[in-house]
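Report on the following structure.
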Amino acid sequence: MSRADNRLKNTARSLREIVFDLILLVVLAIVLVPLVFMFTASFMESKEVLTMPYRWIPSSFHWENYVQAIQGNDMKYFYARNILNSLIVAITVTLTNCVFAAMTGFGLAKYRFFGKRAVLILVMATMMIPFETIMIPLYMLVNNFGWQDSYMGLIMPFLVNAFGIFMMRQFLLTFPEDLLDAARIDGLNELSIFIRVVIPNSIPAMTALGILTFRSQWDSMLWPLLVTQSEEMKTIPLYITKFTTEKYTNEGALLAAAVIASIPLFVVFFSLAKYFIQGSSVFSGTKG
Amino acid sequence: MKSGIEKKKARWGWFFVLPAIIYFSIFSFFPIINAFRTSLYRWNLLSLNPPRFVWFENYIRLFQSEAFWNSVKATAIFTVGTFSSLLIGGLALSILIFSRKRFRTFFQMALYSPAVLSTVVAATIWLLILDPRGLGNSVLNAVLGTSGKDYQWFANPDMSRISTIIIYFWKYIGHFTILFIAGLSSIPYTIHEAAIIDGAGPWKKYWRITFPLLKPTVVLVCVLSLIQCMKSFSTQYLFVQSGAPRAPIDVLTLSIYDTAIRDHQIGRASAMSIILFLTLILFSWAQLRLSRSEEVSFQ
């Protein structure tokens with residue numbers, strides 16, 4: 001091959017790379033613009049949010065948008081309470097999910113007992129049931145228990161998730177048997193083996209599962225919509241929906257509420273990005 | 001005969017799995033049986049008449065009702081629109097990112113960042129961007145060379161469908177890209193090398209090597225996202241709440257919610273949810289079949 005040919009080929013390649021880079025940068029800009037919009041507009045006056053052409057830097061910073069978002073239009077601070085509700089529900093569900101998933105997964109991965117196959121099939125069958133199908137009977141069940149409009153009602157239907165169990169079982173199948181036997185020889189009973197050997201060594205898998213669970217709870221809308229009535233018991237997604245439709249809401253304050261709602265997830269994302277993406281990419285089929 | 005230790009271990013096994021079994025019986029199996037039972041009754045929550053057993057009347061009425069078929073259509077349009085654009089966009093972007101050597105992680109993280117937001121927050125941002133006076137109109141006007149035209153992102157039936165699709169696309173494109181990049185990196189480099197030695201150009205290499213080997217990933221991602229899209233609720237709910245016309249975006253889940261909560265027709269709503277359940281089962285089964293026959297090994 002002649003030198004000129006080679007040079008031509010190289011130019012073609014670098015040209016292609018430049019075109020690729022340009023496309024990527026354009027896509028990136030399109031993806032990031034709404035995020036930048038949310039953040040900058042949350043400091044703007046209502047007028048300015050919808051002024052075209054859009055000013056990417058607020059002419060003056062209106063921190064009172066954040067105050068209005070927290071206070072609400074009726075000055076009753078329901079948003080603060082609703083954020084607390086979301087945190088209570090999401091954290092409780094995350095913890096119980098991790099513990100029960102690890103426990104059941106451990107039982108299924110490391111013990112032989114009569115009916116184990118049936119149990120495994122049962123867990124897989126539960127994974128197939130979409131929440132949307134059982135939400136009405138669940139709603140009636142929760143009413144019968146008298147859990148309407150309460151934390152019990154918000155939390156109980158999500159206490160254990162079949163998907164988490166399956167995920168932890170797959171993870172624990174590869175757990176070294178020697179480690180368990182060593183602990184047995186040291187005189188630990190099975191429960192303390194689980195607590196003191198299995199759990200500490202499953203932190204990465206449980207973190208991925210925990211983040212996945214926390215996200216889906218933070219995002220959950222359909223169930224809280226069914227089960228809560230009072231403003232005090234609502235969660236963040238419900239508050240934002242209501243805030244959107246209120247006549248006196250100013251656009252800046254609405255986006256301020258959105259920014260506040262996003263802070264916990266962004267903190268987790270930037271500190272634990274690996275687990276964040278890992279959990280969602282392997283198990284993207286669960287509740288959204 | 002089993003030894004004592006084995007027996008003891010078997011008891012512990014049951015000890016670990018029993019809580020979950022009891023829980024699922026109450027909060028999954030009992031409700032699903034109940035959902036099916038309820039779907040055979042004419043059951044109005046507010047009516048004083050007791051629920052009446054009507055066999056499959058709810059299903060028959062659903063199949064005859066225009067509103068139900070409209071929901072099916074809205075769900076189908078949303079699902080197909082969202083997932084085909086995500087599939088094509090995700091594949092293209094993953095190849096672009098995968099072909100470069102530097103900043104790979106940066107691009108992945110940046111594209112993924114909208115997925116961090118909750119769905120309601122994403123919908124709220126776009127509600128303001130797509131406002132008649134908002135960013136969406138001015139950008140589209142600039143691109144299409146029109147001036148001051150309102151594209152009616154919410155008011156126009158077709159546009160409101162497109163708007164919900166745009167929101168989902170924006171939120172999940174990074175997620176799809178990352179899934180496909182994971183699939184691409186699982187293809188051993190030696191196969192690419194062999195293709196290059198055999199004289200395959202970049203395009204030929206993509207069509208003949210990369211795509212066929214990526215197929216299992218594609219199938220898996222497709223089915224999972226199809227199921228996800230078919231259950232979408234929040235975006236459409238927020239749209240309707242803020243005044244968009246209901247019919248074009250009245251997806252199944254939204255329709256189930258309204259039938260049960262607004263109209264108090266528990267039986268009819270349950271019938272709809274059972275239909276949704278069976279459809280999803282069908283998709284999962286198809287995925288299982290497809291992925292089994294598409295198993296690729298790199299030995």
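No value in this document is a laboratory result; all are computed from the given coordinates. In this text the structure is predicted, and so the values were computed from the model without any measurement. Every residue, glycine among them, receives a Cβ derived from its backbone with ideal geometry; neighbour counts consider all protein chains shown.
Key figures for this structure:
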| quantity | calculated |
| --- | --- |
| Square roots of 5 times each gyration tensor eigenvalue, C-alpha, the stretch A:1-140, largest first, Å | 47, 39, 13 |
| Over 30 Å (Cα to Cα) - which of A:116/B:215; A:242/B:231; A:110/B:215; B:73/B:171; B:73/B:215; A:274/B:171 fall in this group | A:116/B:215; A:110/B:215 |
| R0 of 25 Å, Cβ-Cβ distance residue B:207-residue B:282: FRET efficiency to nearest 0.05 | 0.25 |
| Label-to-label distance, nm, for residues given as residue B:56 and residue A:140 (7 Å Cα→Cβ offset) | 2.1 nm |
| At q = 0.11, 0.19, 0.22 Å⁻¹, base-10 log of I(q)/I(0) for the stretch B:103-191 (Debye sum, equal scatterers on each alpha carbon) | -0.44, -0.91, -1.06 |
| Mean-position separation - Cα centroids, the stretch B:254-280 and the stretch B:209-237, in angstrom | 24 Å |
| Residues listed by number, the stretch A:51-88, amide nitrogen under 17 Å from residue A:248 label point at 7 Å toward C-beta | A:64-80 |
| Peptide B:30-36 - average C-beta neighbours from other chains (10 Å radius) | 6 |
| Chain B: relative contact order as a whole-number percent, Cα under 8 Å and 6+ apart | 29 percent |
| Chain A: DSSP helices with Cα axial extent of at least 27 Å and average Kyte-Doolittle hydropathy no lower than 0.0 | A:3-41, A:78-110, A:251-271 |
| Average other protein chain Cβ within 10 Å of Cβ, residues A:31-40 | 5 |
| Student exercise, the stretch A:77-284 dipole from Lys, Arg, Asp, Glu Cβ charges, in Debye to nearest 20 | 300 debye |
| Volume per residue that the Cα convex hull of chain B spans, once the total is divided by residue count, Å³ | 236 Å³ |
| Principal semi-axes in Å for the stretch B:163-299 [√(5λ), Cα gyration tensor, largest first] | 41, 18, 9 |
| Hydrodynamic radius by Kirkwood, which averages 1/r over all alpha carbon pairs of the protein assembly as shown, in angstrom | 26.3 Å |
| Residue order, fewest to most surrounding Cβ atoms within 10 angstrom, among B:285, B:170 | B:285, B:170 |
| Pairs of alpha carbons in the stretch B:45-135 whose separation is greater than 17 Å (percent) | 75 percent |
| Value in Å of the Kirkwood radius, where the stretch B:1-58 supplies the Cα pairs that are averaged | 14.9 Å |
| For B:101, B:73, order by how many other beta-carbon atoms lie within 10 Å, fewest first | B:101, B:73 |
| Chain B: calculated mean residue ellipticity at 222 nm from DSSP helix runs of at least 4, using -39500 (n - 2.57) | -22500 deg cm²/dmol |
| Averaged over A:223-231, number of beta-carbon atoms from partner chains that fall within 10 Å | 1 |
| Listed residue (A:86, A:51, B:33) projecting farthest to the positive dipole end of the protein assembly as shown, Cβ model | B:33 |
| Net dipole in debye of the protein assembly as shown [+1 Lys, Arg Cβ; -1 Asp, Glu Cβ; about Cα centre; nearest 20] | 1420 debye |
| Selected from A:244, A:228, A:11 as most flexible by GNM, with chain A as the system and alpha-carbon contacts under 10 Å | A:11 |
| Relative contact order, percent, chain A [alpha-carbon distance under 8 Å, six or more residues apart] | 30 percent |
| Whole-number D in µm² s⁻¹ for the stretch B:150-191, Kirkwood Cα-pair radius fed into Stokes-Einstein, 10 °C, 1.306 mPa s | 126 µm²/s |
| Structure-based [θ]222 nm, chain A - -39500 (n - 2.57) summed over DSSP H runs of at least 4, per residue, nearest 500 | -23000 deg cm²/dmol |
| Label-point gap, in nm, between residue B:159 and residue B:196 - each point 7 angstrom along Cα→Cβ | 4.9 nm |
| Förster-model FRET efficiency, 45 Å R0, residue B:47 and residue A:116, C-beta, rounded to 0.05 | 0.45 |
| Peptides ranked, highest mean first, by Cβ atoms within 10 Å: ranges A:117-128, A:248-259 | A:248-259, A:117-128 |
| Rounded to the nearest 20 debye, dipole of chain B from Cβ charges on Lys, Arg, Asp, Glu | 860 debye |
| Largest-first principal axis extents, alpha carbons of the stretch A:3-65, Å | 66, 17, 15 |
| Highest-first arrangement of A:107-114, B:57-64, where packing means the average Cβ count within 10 Å | A:107-114, B:57-64 |
| 25 °C / 0.890 mPa s Stokes-Einstein diffusion coefficient of the stretch B:132-237, Kirkwood radius on C-alpha pairs, µm²/s | 142 µm²/s |
| Given charges at Cβ of Lys, Arg, Asp, Glu: chain A dipole, positive-most of A:272, A:135, A:150 | A:272 |
| Overall form of the stretch A:77-284 per C-alpha gyration tensor (a/c, 1.5; a/b vs b/c) | prolate |
